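J.: One structure coming up, written as structure tokens, with questions to follow.
The values are calculated or read from the model by the stated rules, or taken from the named source; none is laboratory data. All values reported here derive from a predicted model rather than from experimental measurement. Quick reminder, even Gly has a Cβ in these numbers, built from the backbone with ideal geometry, and neighbours come from all protein chains shown. Ligands, DNA and RNA are stripped out before the accessible areas are found, and what is left, the full protein with its side chains, is counted by its heavy atoms. Shrake-Rupley method; radii C 1.70, N 1.55, O 1.52, S 1.80 Å.
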Amino acid sequence: DGGITQSPKYLFRKEGQNVTLSCEQNLNHDAMYWYRQDPGQGLRLIYYSQIVNDFQKGDIAEGYSVSREKKESFPLTVTSAQKNPTAFYLCASRGLSRYEQYFGPGTRLTVT
Amino acid sequence: AQTVTQSQPEMSVQEAETVTLSCTYDTSESNYYLFWYKQPPSRQMILVIRQEAYKQQNATENRFSVNFQKAAKSFSLKISDSQLGDTAMYFCAFMIPGANSKLTFGKGITLSVRP
């Protein structure tokens, strides 16, 4: 089955530690996106990538980093510089000939 | 900058009845796409329906349809014959096709379907 996987589903970290969230897709989509969701707010774009080895900052990129070494993978690192990292993180992908984005199941990150 | 507004934070509907969720947006662009996404308690985001701004005909997907009013910049979602499985958060989203095609989301509305 084609789809987007995110792991782990729940992640707990101590303050001051970097943590990497995984996102893998087997849809052969070129574009991939990372969003953050907080209670009472819609999704906000962190980073996106249209092609391997290229990515751009979204609206709230500070304290985050990404890489795109393979078409299928777009991991997100939440660094210690991110002031409020506790949130629900969603990864999405899109084929370049289409405009709708498809989402993974998300990762709930809790930092204490 | 584009903005999407969903002014109703919560709504409730009786099973089998019809409900309409409101969404307005602001843009100076003429070519764009609009979407409704559903997020059930599992938190998986599911695409419900999409509308291309250049199409005058309102999109329909089974029990879901939209009322797209381009001049008023309004994009409401109608759910007919509501089912318990429709209970979820619903997000309206806007996109301008181009280099990044990023989605701009509203804050969402929580819909509860009562048995």
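J.: Hey, got the average number of other protein chain Cβ atoms within 10 angstrom for residues in B:45-52? All intermediate terms of the calculation are to be shown ahead of the outcome.
T.: On the way: counts 11, 2, 4, 0, 1, 3, 0, 1.
Going residue by residue through B:45-52 and averaging, the value is 3.
J.: Please tell me which of these pairs span more than 31 angstrom C-alpha to C-alpha: A:LYS71/B:LYS73; A:LYS70/B:LYS102; A:LYS70/B:LYS73?
T.: On the way: A:LYS71/B:LYS73 36 Å; A:LYS70/B:LYS102 21 Å; A:LYS70/B:LYS73 39 Å.
In this structure, A:LYS71/B:LYS73; A:LYS70/B:LYS73 lie more than 31 Å apart at Cα.
J.: How big a patch of accessible area, both sides summed and in Å² to the nearest 100, lies buried between B and A at a 1.4 Å probe? Please list the in-between numbers first.
T.: Values: alone 6480 and 6350 Å², together 10980 Å².
That pair hides around 1800 Å² of surface in total.
J.: Right, something else. Given the options A:GLY40, A:GLY16, A:GLY63, state which has the largest fluctuation in a GNM of chain A using a 10 Å cut-off (strictly under) for Cα springs.
T.: Result: A:GLY40 has the largest fluctuation of those listed.
J.: With a cut-off of 8 Å between alpha carbons and a minimum separation of six or more residues, what is the relative contact order of chain A in percent? Could the numbers behind the result be given before it?
T.: Numbers: 286 pairs, mean separation 39.3, N = 112.
This gives 35 percent for chain A.
J.: So which GluC sites (Glu not before Pro) in the stretch A:5-76 pass both tests, a DSSP loop state and at most 13 other Cβ atoms within 10 Å of the Cβ?
T.: Values: sites: A:GLU15, A:GLU24, A:GLU62, A:GLU69, A:GLU72; in loops: A:GLU15, A:GLU62, A:GLU69, A:GLU72.
Answer by residue number: A:GLU15, A:GLU62, A:GLU69.
J.: Could you tell me the calculated FRET efficiency between A:THR77 and B:ASP26, based on Cβ-Cβ distance and R0 = 45 angstrom, to the nearest 0.05?
T.: 0.85
J.: Using a 10 Å cut-off around each Cβ of peptide A:69-79, what is the average number of partner chain Cβ atoms that fall inside?
T.: Details: counts 0, 0, 0, 0, 0, 0, 0, 0, 0, 0, 0.
Mean shielding count: 0.
J.: Please find the FRET efficiency linking B:GLN2 to A:ARG98, where r is the Cβ-Cβ separation and R0 is fixed at 22 Å, and quote it to the nearest 0.05. Can you show the working numbers first?
T.: Details: r = 20 Å, r/R0 = 0.90.
My answer for the efficiency is 0.65.
J.: Now, a different point. Across peptide A:89-100, how many C-beta atoms of other chains are within 10 Å of each residue C-beta, on average?
T.: Mean shielding by partner chains, rounded to a whole number: 3.
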